[in-house]
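Asker: This is the structure I have questions about; it appears just below.
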Amino acid sequence: MPTRRAVLAGLMTGSTAVAGCAALDRPATTDFLEFRLPGVDAGLARRHTCQATDGGGRSMAIEITRVPPPTEALALVFEYPNSVGGTFTHWVAWNIPASVSRIPSAIEQAAQPAGLQGGVQGLNGIRTLGYVGACPPPTGESQPYWFTLYALRRQLEIPAGSDRDPVDEALESATLASRRLETSFSRRPPDGDS
């Protein structure tokens, strides 16, 4: 039986750069939710990856330009869809106020960091709080990364520090609109490897 995460990911595939969430009898909602990741258009910068000078990478800035009414909160997921065990979660956060128009880069690894203005973070794929840098296999090939922003009709009743599964489950009934941006990153093989 597929997991909720697999079903959600399956619903969002089929788009190259942007995907929307829609009921079967309604048009897609992507026009109602707009955001951008400054500096990530041409792929992830090293500072957002495991190759950053700090070793762990920093979260990217997010500029939110439009949310649909009556959005009460926002949620975000940054993930790598090609991980050996399935999708790898690099960052999950929720209950970010709908009035937030910019989330700064380098959000601290805390349950309720100041940069999320009241929002909370959960556990990433290595089971630490907050963001963990992109770190695909060192093949030299470009790897896809998905960043999805959700407009929510209500706050999620999920405690800070939770893993992603209960967040995905709550998103099923709380999402008004979602939009996914796809970016990429490649790691070179270590010197001497072919």
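The values are calculated or read from the model by the stated rules, or taken from the named source; none is laboratory data. All of these numbers come straight from a predicted model, not from anything done at the bench. Neighbour counts are summed over all protein chains in view; Cβ atoms, including those assigned to glycine, are modelled from backbone coordinates with ideal geometry. Side chains included, ligands, DNA and RNA excluded: accessible areas come from the protein's heavy atoms. Shrake-Rupley method; radii C 1.70, N 1.55, O 1.52, S 1.80 Å.
Asker: Grab the other residues whose beta carbon is less than 13 angstrom from that of residue 74, score K and R as +1, D and E as -1, and report the net.
Answerer: With Lys, Arg at +1 and Asp, Glu at -1, the neighbours total +2.
Asker: With the Cα gyration tensor of segment 55-174 giving a ≥ b ≥ c as the square roots of its eigenvalues, does the rule (a/c under 1.5 for rounded; else a/b larger than b/c for prolate; else oblate) give rounded, prolate or oblate?
Answerer: Because a/c hits 1.5 or more and a/b exceeds b/c, segment 55-174 counts as prolate.
Asker: While we're on this one: What shape does segment 47-87 take by its C-alpha gyration tensor, where a ≥ b ≥ c are the square roots of the eigenvalues and a/c under 1.5 counts as rounded, a/b above b/c as prolate, and the rest as oblate?
Answerer: oblate
Asker: Just report the Cα centroid separation between segment 136-179 and segment 72-92, whole Å.
Answerer: 5
Asker: Just grab the label-to-label distance for residue 110 and residue 128, each label 7 Å out from Cα along the Cβ direction, in nm (one decimal).
Answerer: 1.7
Asker: Okay, next question. For segment 64-194, what % of the accessible area comes from carbon and sulfur atoms, probe 1.4 Å?
Answerer: 47
Asker: State log₁₀ I(q)/I(0) for segment 108-194 at q = 0.19 Å⁻¹ as given by the Debye formula over alpha-carbon point scatterers of equal weight, solvent excluded.
Answerer: With one equal scatterer per Cα and no solvent, log10 I(q)/I(0) is -1.00.
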